[in-house]
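The values are calculated or read from the model by the stated rules, or taken from the named source; none is laboratory data. Note that the structure is predicted; figures quoted are calculated from it, not measured. All Cβ positions, glycine included, derive from the backbone under ideal geometry; neighbour counts span all protein chains shown. Surface accessibility is based on the protein's heavy atoms, side chains included, excluding ligands, DNA and RNA. Shrake-Rupley method; radii C 1.70, N 1.55, O 1.52, S 1.80 Å.
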Amino acid sequence: RQHTYIYPSWTKKSILIETFTGQTCGNCPAGHNALEQTLGKIEDSYVIVSHHSGYNPDLFTTMEDVDYTWFYNSSSLYAPACMVNRSPYEDGLSSVVFIPTNTKSLNAAINKSLETPPYVNIEVDNNFDENTKKGCLNVHVHTFVEPSSLEHRLNVFLCQNNITAYQSNGGSDYNHNHVFRAALSGTWGDPISLEEGKNNSYMYEYSIPEKTESTYYKGTGKDPVYVPTNVNDLYFVIFVGDVSNSPLDCVVYNSACLPVNQNVDSGIEHASSEELKYSIVDRTFTLYNKNCYAKLYNPAGSCLGTVQPNDNVLLTGGIYIIKLFFENGSVLSRKIIVK
């Protein structure tokens, strides 16, 4: 029996592309170029993470990078390599990892992932303090359809662009992008329940150091090599997928990307304790305060409409966010549940 699911127009879908590379990999610059040229054709429908593993470890390599070579499903590692949504691009493959310079495989993997339903929508709130270099990331996941019977995980990565350093066949001033720096959610993510029609929210507090050291080499007795951090080049990668004992069954369903220094408030979790002049009786929303107007949002942060004073709006059952915009410029919000 085949099911067809129709997703709301506000659903945001991005595929996750993870590469494996190394500073001493002479073929990697060509692999990077091949990937960038192919991705240029699909605009903003993807996010990228670059793991410095699969070849010789280098000054960017983390312990997590090495752990993710498990996806090769083989004792033979190589670079350049990549995987798309951690999924095999066709039946019968023994690995989800392939060579990106093989444009036939790369296009097949991208097309398959673009055609796969997202199953979930991801929205992110971020509150970053430029002075203290500390912040709080709130991730909201709305499940349209439960994708599988496997265990599901939410993953939050920290990555960095524009790191100038050596690269074989790229010179001493090569521009390294999408470099994996840390997993806020742990190596394999946080368990998440994907129940149809339900919402989940997770909070991650973080602190950005002035510089980082390879956690793979740390403690080996070698002289440390530090990589400066630049908040203007740091970004979060958030994705939801399955976990399994098999590297072939850890499919990623949807992902999102957000710069660290971009403060965002979707209003999904924010609520004011001040008195809000409205009522909800028999599922009818009425605004009484004449000094403001209201906007109604669904859990994904999409605006459903504007409400003026004395308007009556009939609501269906579900979760809503109400934002009140006052004449003095202040904005108050509250999450409500209509049964």
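With a Förster radius of 56 Å applied to the C-beta separation of ASN230 and ARG283, the computed FRET efficiency comes to 0.65.
Where the only charges are on Cβ atoms (+1 Lys, Arg; -1 Asp, Glu), what is the dipole of the stretch 98-153 about its Cα centre, to the nearest 20 debye?
On the way: 5 positive and 7 negative charges, 65 e Å.
Dipole magnitude for the stretch 98-153 comes out near 320 debye.
Isolated cysteines in the chain, defined as those with no second cysteine Cβ under 4.7 Å, comprise CYS82, CYS136, CYS159, CYS250, CYS257, CYS292, CYS303.
Summarised in one figure, the compactness ratio Rg/Rh of the chain, Cα atoms and Kirkwood Rh, is 1.03. Please find, in a Gaussian network model of the chain (springs between Cα atoms separated by less than 10 Å), the residue of ILE15, ILE48, ILE280 whose mean-square fluctuation is greatest. Answer for the Gaussian network model of the chain: ILE280.
About its Cα centre, what dipole magnitude does the chain give when the only charges are +1 on Lys and Arg Cβ and -1 on Asp and Glu Cβ, stated in debye to the nearest 20?
560 debye
Per residue of the chain, the DSSP helices (runs of n ≥ 4 H) give a summed -39500 (n - 2.57) that works out to -2500 deg cm²/dmol at 222 nm. For the stretch 20-108, the gyration tensor built on C-alpha atoms gives an oblate shape. Its axis ratio a/c (a ≥ b ≥ c) is at least 1.5, and a/b is not larger than b/c.
As a fraction of the 1.4 Å probe accessible area of the stretch 94-138, surface on carbon and sulfur atoms comes out at 46 percent.
Taking a sphere under 12 Å around the Cβ of PRO88 and counting the other residues whose Cβ falls inside, with K and R at +1 and D and E at -1, yields a net charge of -1. Eigenvalues of the alpha-carbon gyration tensor of the stretch 61-149, scaled by 5 and square-rooted, set the equivalent ellipsoid semi-axes at 30, 21, 13 angstrom, largest first. Label zone (LEU150, point 7 Å along Cα-to-C-beta; backbone nitrogen cut-off 16 Å) within the stretch 17-33: 17-18.
Springs join every pair of Cα atoms under 10 Å in this Gaussian network model of the chain, and among ASP58, ASP249, ASP282 the largest mean-square fluctuation is at ASP282. Here, the stretch 56-101 has an Rg and a Dmax of 11.3, 36 Å when only alpha carbons are counted.
Using the Cα atoms of the stretch 160-226 to build a convex hull, what is its mean projected area in square nanometres? Approximately 7.6 nm², given one-decimal rounding. What does the charge count around LYS295 come to, taking other residues whose C-beta lies under 14 Å from its C-beta (Lys +1, Arg +1, Asp -1, Glu -1)? It works out to a net charge of +1. Springs between Cα atoms under 10 Å define the GNM used for the chain, and in it the highest mean-square fluctuation of SER302, SER255, SER53 occurs at SER302. Quick one: with all protein chains in place, what share of the accessible area of the stretch 185-257 is carbon or sulfur, to the nearest percent (1.4 Å probe)? Of all accessible area on the stretch 185-257, carbon and sulfur atoms account for 47 percent.
Computed over the alpha-carbon atoms, the stretch 116-231 gives an Rg to Rh ratio of 1.06, Rh here being the Kirkwood radius from the mean inverse distance. Solvent-accessible surface of the stretch 119-186, taken per residue with a 1.4 Å probe and all protein chains present: 39 Å². Mind checking the full-extension length gain between PHE326 and GLU213? Use 0.36 nm per residue of separation minus the Cα-Cα distance, one decimal, nm. Taking PHE326 through GLU213 to full extension adds about 35.9 nm, to one decimal. Electrostatic bookkeeping for GLN167 treats Lys and Arg as +1 and Asp and Glu as -1; over the other residues with beta carbon under 15 Å from its beta carbon, the sum is -3. Checking every one of the trypsin sites (Lys or Arg not before Pro) in the stretch 180-226 against DSSP loop status and a limit of 15 other Cβ atoms within 10 Å picks out LYS198, LYS218, LYS222. Farthest toward the positive end of the dipole of the chain, out of HIS52, VAL96, TYR119, is the Cα of TYR119, where the dipole comes from beta carbon charges about the Cα centre. With the simple spin-label model, which puts each label point 7 Å out from Cα in the Cβ direction, the ASN127 to SER95 separation comes to 4.5 nm. Helix 103-115 and the longest principal axis of the C-alpha atoms of the chain enclose an angle of approximately 20°. Loop-located GluC sites (Glu not before Pro) across the stretch 192-237 with a Cβ neighbour count of 12 or fewer within 10 Å are GLU195, GLU196, GLU210, with loop assigned by DSSP.
Seen against the Cα atoms of the chain and their longest principal axis, helix 28-39 is set at about 30 degrees.
Please compute the length gained on full extension between SER76 and ALA30, using 0.36 nm multiplied by the number of residues separating them and subtracting their Cα-Cα distance. Display every interim value, and only then the final one.
Details: separation 46, 0.36 × 46 = 16.56 nm, distance 2.07 nm.
Contour length minus the Cα-Cα distance gives 14.5 nm.
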